[in-house]
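The structure under discussion appears below in the form of structure tokens.
The values are calculated or read from the model by the stated rules, or taken from the named source; none is laboratory data. Computed from a prediction, not measured in an experiment: that's the story for all the values here. Neighbour counts run over all protein chains shown; Cβ positions are idealised from the backbone, glycine included.
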Amino acid sequence: MIKAILKSGTLLFVFTMVSLIFVNWTQNSTYDKIQYNEEQLLILRLGELVSGYDNDILQDKYSKEITLHGVKQKINIYPAKRNKTIFAYLVEHTYPNGYSGNIRLLTGVTIEKKLLGVRVIAHKETPGLGDKIETKKSNWIEQFSGLSLSNPHKYQWKVTRDGGIFDSFTGATITPRAIVTASYQVLELFTQKLHLVKEK
């Protein structure tokens, strides 16, 4: 009886160890591929928001630890330069209150504090509803280009259901509300430019 228990225990231990090794190997072997895919998506999103820069925008990236969208987070900032002068910033940030959690966004803002636009990098919103924030699903998110804190008026920076001017999706209000709020708060951040300037 004891021998049978020991044999079963040994087999279970061996199986567990082999499984752990396999999972670890899978993670290690796919890490580089995942990193590459994420970088390619970021490059694509950057290209959708800004053009005409002559610096290595990825190489010039810097990060800041700030409080944004009510949470402390690390944001990545990509300065777009022309003739060594910054004409726009692209901010990679996380809005924590989507319908299904975090929404990772890239928001472009000119030095005149106007939106170049907003793009989604990653999310877990409901397929067929909240995922309409993706450009491959709809053009809804393209409406933010050219907007500022005063255009529209701050009281209009809401979805229509809340009395604002931004349409929500049929059956999904939380996700578009999240993008509207996140975009406005990034514009607000630019009124406190100190938060964005790279430290010497």
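Here are the numbers for this structure:
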read-out	value
Residues of segment 128-164 satisfying the condition of being in a helix (DSSP H, G or I), within 20 Å of the chain's Cα centre (by Cα) and not aromatic (Phe, Trp, Tyr)	130, 131, 132, 133, 141, 142, 143
Yes/no for residue 114 being modelled with pLDDT under 95 and either of a type outside the set (Ser, Thr, Tyr) or within 23 Å of residue 72 (Cα to Cα) (or both)	no
Odd one out for residue 71, checked against (1) closer than 21 Å to residue 174 by Cβ; (2) more than 13 Å from the chain's Cα centre (by Cα); (3) surrounded by 16 or more Cβ atoms within 10 Å (Cβ to Cβ); (4) free of Cβ contacts under 8 Å to residues at least 60 places away in the same chain	(3)
Scope segment 148-169; condition free of Cβ contacts under 8 Å to residues at least 40 places away in the same chain and either buried (at least 16 other Cβ atoms within 10 Å of the Cβ) or within 26 Å of residue 127 (Cβ to Cβ) (or both); matching residues	157, 158, 159, 160, 161, 162, 164, 166, 167, 168
Out of 112, 188, 125, sole residue that is among the acidic types (Asp, Glu) and within 14 Å of the chain's Cα centre (by Cα)	125
Scan of segment 49-65 for residues that are surrounded by 15 or more Cβ atoms within 10 Å (Cβ to Cβ) and not hydroxyl-bearing (Ser, Thr, Tyr), ordered by number	49, 50, 55, 57, 60, 61, 64
Selection count where residues are part of a loop (DSSP other than H, G, I, E, B) and hydrophobic (A, V, I, L, M, F, W, C), scope segment 165-182	1
Members of segment 49-93 found to be part of a strand (DSSP E or B) and of a type in the set (Asp, Glu), listed by number	65, 92
